[in-house]
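The values are calculated or read from the model by the stated rules, or taken from the named source; none is laboratory data. The structure displayed is predicted, hence computed values, not measured ones. As a convention, Cβ positions derive from the backbone with ideal geometry for all residues, glycine included, and neighbour counts pool all protein chains shown. Accessible surface is based on the protein model in full, side chains and every heavy atom, while ligands, DNA and RNA are left aside. Shrake-Rupley method; radii C 1.70, N 1.55, O 1.52, S 1.80 Å.
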Amino acid sequence: MFARRAITFAGFRDMRASQSRARPEKILLRGRLWIFIIVAAIAIAAGWLISNQITGTSEVTDNSKMTGIYLAPDMYQVPDIGQIAGDYRPNAAAGDFTAVVIHDSTSVVIPVYAIVAVLTFVVTIVVFAISQLKSISQKLQTSEEQYQLAAASIHGGLWHWDILKNEEYYSPRWMAILGYTHDDISQGRAVSHIHPEDGARARRALRDHLDKRVPYDIEIRLLHNTGEYVWVQSRGQAVWDANGAPIRMAGSINEITHLMRAENAFRRSQEQIRAIADNSPSLMYMKDTESRLVMVNKAFLNFYGTTEEEALGEDMGKWLSPDNANMFFEVDRKILKTGKPLETQFEVLRHDGKSRPMLSTEFPVFDHEHNIIGIGGIDNDIFERKRAEDNLMVAMDAAESANHAKSEFMANMSHELRTPLNAIIGFSEIMAGEFFGPVGSSKYRDYAKDINVSGTHLLEIINNMLDLSKIEANKFELQEQTVDVAHAVRSCVTLVQGRADKQGVKIQTIIADKTPYLYVDERGLKQVLLNLMTNAVKFTPAGGTLTVESWSNDLDGYVFRFRDTGIGIAPEDIPMVLTPFGQVESAISRIQQGTGLGLPLTKSIVELHGGSFELQSEVGVGTTVTVSFPARRSVQEWATGT
């Protein structure tokens, strides 16, 4: 899928890199040879002219006046100097000389104009040849420079193979790619081997090009001068003669090691992604910008009962109803427009005819320039989830009904229980105080006190249960008014002080003399204060302390803090004590009365006012409870707390 086809010619014969470059000197030598041939031809022509002159002249037998050069038939025999000197006689009348060379009684005369014409022709030809040679030399130099510039500007390395002469040429860039120098080439030290895994493919590619003229474009690994293999891509073109036999071949190579590494990494990444997709139970697919499928996983194919060949190139409408198909087209349009993912639910018929609810999440796919190039999708069969949701809704409705029935029952029972308890508490108090006279034995008076204490405790539990039930049933109505906080705190401390003194617990209050009022339900506020103070005193051993603080500001709101030195609560048990009836077993808790309703009720009342409840505790160190009401409930009317 990612393979390119490339090879370099040098690899086929282990790259015997004996560089045989077509140098300009050879061409100049050939030019000089042609000039020599031309001069020789001119000399032959001159000889031919002389031969014609000799053939057409007559013997000189007298002393008649002649202007010319006289030659004896035997051109190589020099006449006697004295004879020659005696045969030159001045011609006073003509003002000239007549020169006669006599040899074997036969002489030949060649006209001067013929000699001049021949020499002029020869000089002209030589000058023309020299000028042409200079022009050819300049053009050759320019061509060489242009070639060197072109070779240097090309990123790849060039090579040429003269098949008939078995000569090879490699450009400097070619040598640089494989780590060779010019000396390595000239001295035959450049040897490059094809990677064993690429050899057969390389030879086949070369053979197909030379024999069948198949385009030559292949990539292979060649051995670098350092001993490592590098990836190269080579393209080449051969030239054939009239008989179809290859005579030369030229081409270039480009190093693609970094590209091949990137492609291999990308291929591995795609294989990993494909493995993940095919092993996912979700239906995964990829669409182009025209909503046509370009990738699907096995779950998609199995769900719709199709094959990859049938699915690719189709849109989702092939498997969906017209309404759902239109919905998908609209979703795709929005994704392409906004570049944001969208989630939809739809019903689809499986290949087995069963209708299944599906949840589809489609998202844009971007390229490196953040352009949308497609749409990805992940569809999940949510039949089981929908069924679980339906069952959960049924269970929640049933639980809600049961909780409502419980709240109604608790409210009714609490009301029914409070009526007789009020009588029990009232009569036991009269008997213990002997308001209508002595009851006789002192034991009766003690029994009456026990009855009063137990009844009061039971009424407190019932009231807490009733309040909590009302809160859960959303029937707890706040009777809000401005409350003097300092006065409320001190009154609650007074109610708890007796029990604290009895247990040996000291109560400290830190409240400013002037504090703003708080707009709350007064009964609810006092219930919060009493519950937290009572709990702190109840679970603090003798000698311990309880510190109650209160302050107000715009940042924190109206804050109450209760800090004791009691037995503390383990951090993992804090959630339990904040649930109704939740209690933590300890030596003190087993001897103290309580139902586990105080803290949950307190937290609920605070939250009904829009406040916050925070509990921090450490076993053996103590507990700190912080209650905060919103700053908007603070009323800037100063109270003295008296």
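For the stretch 341-377, which positions are within 20 Å of residue 294 (Cα to Cα) and touching a helix residue (DSSP H, G or I) at 6+ places or on another chain (Cβ under 9 Å)?
Once the filter is applied, which keeps residues that are within 20 Å of residue 294 (Cα to Cα) and touching a helix residue (DSSP H, G or I) at 6+ places or on another chain (Cβ under 9 Å), the stretch 341-377 yields 341, 342, 360, 362, 363, 364, 372, 375, 377.
Do we find that residue 205 is at pLDDT 90 or above, open to solvent by 40 Å² or more (accessible area, probe 1.4 Å), more than 30 Å from residue 314 (Cα to Cα) and out of contact with any helix residue (DSSP H, G or I) (no Cβ under 8 Å at 6 or more places or on another chain) in this structure?
Here the answer is no, as residue 205 does not meet what is asked.
Anything in the stretch 537-570 that is open to solvent by 20 Å² or more (accessible area, probe 1.4 Å) and among the hydrophobic types (A, V, I, L, M, F, W, C)? List them, or say none.
539, 542, 551, 555, 567, 569
Does residue 441 meet the test of being surrounded by 15 or more Cβ atoms within 10 Å (Cβ to Cβ) and more than 60 Å from the chain's Cα centre (by Cα)?
Working: surrounded by 15 or more Cβ atoms within 10 Å (Cβ to Cβ): no; more than 60 Å from the chain's Cα centre (by Cα): yes.
The answer is no for residue 441.
Residue 498 passes all but one of (1) touching an Asp or Glu at 6+ places or on another chain (Cβ under 8 Å); (2) more than 30 Å from residue 400 (Cα to Cα); which number fails?
Every condition holds for residue 498 apart from (1).
Looking for something within 21 Å of residue 454 (Cα to Cα), surrounded by fewer than 15 Cβ atoms within 10 Å (Cβ to Cβ) and at pLDDT below 90 - is there at least one such residue anywhere in the stretch 598-607?
No, that holds for no residue.
Kindly check whether there is at least one residue in the stretch 449-465 that is in a helix (DSSP H, G or I), closer than 30 Å to residue 604 by Cα, of a type in the set (Gly, Ala, Ser) and in contact with a helix residue (DSSP H, G or I) (Cβ under 7 Å, 6 or more places away or on another chain).
Within the stretch 449-465, one or more residues are in a helix (DSSP H, G or I), closer than 30 Å to residue 604 by Cα, of a type in the set (Gly, Ala, Ser) and in contact with a helix residue (DSSP H, G or I) (Cβ under 7 Å, 6 or more places away or on another chain).
Restricting to the stretch 275-297, give me the number of residues that are open to solvent by less than 40 Å² (accessible area, probe 1.4 Å) and either in contact with a Cys (Cβ under 8 Å, 6 or more places away or on another chain) or at pLDDT 90 or above (or both).
9
Does residue 481 satisfy being among the polar types (S, T, N, Q) and surrounded by fewer than 19 Cβ atoms within 10 Å (Cβ to Cβ)? Spell out how you get there, then give the answer.
Numbers: among the polar types (S, T, N, Q): yes; surrounded by fewer than 19 Cβ atoms within 10 Å (Cβ to Cβ): yes.
The answer is yes for residue 481.
Looking at (1) surrounded by fewer than 16 Cβ atoms within 10 Å (Cβ to Cβ); (2) at pLDDT below 90; (3) of a type in the set (Asp, Glu), which is the only condition residue 573 fails?
Residue 573 satisfies every listed condition except (1).
Tell me which helices (runs of 4 or more DSSP H) are completely within the stretch 279-341 and hold 2 or more residues being more than 13 Å from residue 375 (Cβ to Cβ) and in contact (Cβ under 8 Å) with a residue 40 or more places away in the chain, or say none if there are none. Quick ask: steps written out before the conclusion?
Details: elements: 298-304, 308-311, 322-338.
By residue number, 298-304.
May I ask you to list the residues in the stretch 378-394 that are touching a Lys or Arg at 6+ places or on another chain (Cβ under 7 Å) and either of a type in the set (Gly, Ala, Ser) or part of a helix (DSSP H, G or I) (or both)? If you could, list the steps in order and put the result at the bottom.
Keep residues of the stretch 378-394 that are touching a Lys or Arg at 6+ places or on another chain (Cβ under 7 Å), which gives 381, 383.
Once the filter is applied, which keeps residues that are touching a Lys or Arg at 6+ places or on another chain (Cβ under 7 Å) and either of a type in the set (Gly, Ala, Ser) or part of a helix (DSSP H, G or I) (or both), the stretch 378-394 yields only 383.
Please work out if residue 266 is at pLDDT 90 or above, assigned to a helix (DSSP H, G or I) and among the aromatic types (Phe, Trp, Tyr).
Numbers: at pLDDT 90 or above: no; assigned to a helix (DSSP H, G or I): yes; among the aromatic types (Phe, Trp, Tyr): yes.
Against the criterion (at pLDDT 90 or above, assigned to a helix (DSSP H, G or I) and among the aromatic types (Phe, Trp, Tyr)), residue 266 does not qualify.
Does the stretch 503-521 hold any residues that are open to solvent by 60 Å² or more (accessible area, probe 1.4 Å) and either polar (S, T, N, Q) or at pLDDT 90 or above (or both), and which are they?
506, 508, 509, 510, 519
Any chance the stretch 349-361 includes a residue that's hydrophobic (A, V, I, L, M, F, W, C), at pLDDT below 85 and touching a strand residue (DSSP E or B) at 6+ places or on another chain (Cβ under 6 Å)? Spell out the reasoning first.
Initially, the stretch 349-361 is screened for residues hydrophobic (A, V, I, L, M, F, W, C), giving 349, 358-359.
This time we only want the ones that are at pLDDT below 85, so: 349.
Subsequent filtering for residues that are touching a strand residue (DSSP E or B) at 6+ places or on another chain (Cβ under 6 Å) retains 349.
The answer is yes, given that some residue of the stretch 349-361 is hydrophobic (A, V, I, L, M, F, W, C), at pLDDT below 85 and touching a strand residue (DSSP E or B) at 6+ places or on another chain (Cβ under 6 Å).
Among 436, 476, 427, which is over 28 Å from residue 547 (Cα atoms), open to solvent by less than 40 Å² (accessible area, probe 1.4 Å) and not acidic (Asp, Glu)?
Within the list 436, 476, 427, the selection yields 476.
Which of the residues belonging to the stretch 359-385 are acidic (Asp, Glu), under 17 Å from residue 303 (Cα atoms) and open to solvent by less than 80 Å² (accessible area, probe 1.4 Å)?
Once the filter is applied, which keeps residues that are acidic (Asp, Glu), under 17 Å from residue 303 (Cα atoms) and open to solvent by less than 80 Å² (accessible area, probe 1.4 Å), the stretch 359-385 yields 379, 381.
Could you tell me whether residue 421 is within 19 Å of residue 580 (Cβ to Cβ), touching a helix residue (DSSP H, G or I) at 6+ places or on another chain (Cβ under 8 Å), touching a residue at least 24 places away in the same chain (Cβ under 8 Å) and assigned to a helix (DSSP H, G or I)?
no
For the stretch 239-274, which positions are open to solvent by less than 50 Å² (accessible area, probe 1.4 Å) and more than 18 Å from residue 174 (Cβ to Cβ)?
240, 244, 245, 246, 247, 260, 263, 264, 265, 269
Within the stretch 446-473, restricting attention to residues that are open to solvent by 70 Å² or more (accessible area, probe 1.4 Å) and at pLDDT below 75, which residue is nearest to residue 427 (Cα to Cα)?
So the residue we want is 460.
Can residue 339 be described as at positive phi and surrounded by fewer than 18 Cβ atoms within 10 Å (Cβ to Cβ)?
Details: at positive phi: yes; surrounded by fewer than 18 Cβ atoms within 10 Å (Cβ to Cβ): yes.
Against the criterion (at positive phi and surrounded by fewer than 18 Cβ atoms within 10 Å (Cβ to Cβ)), residue 339 qualifies.
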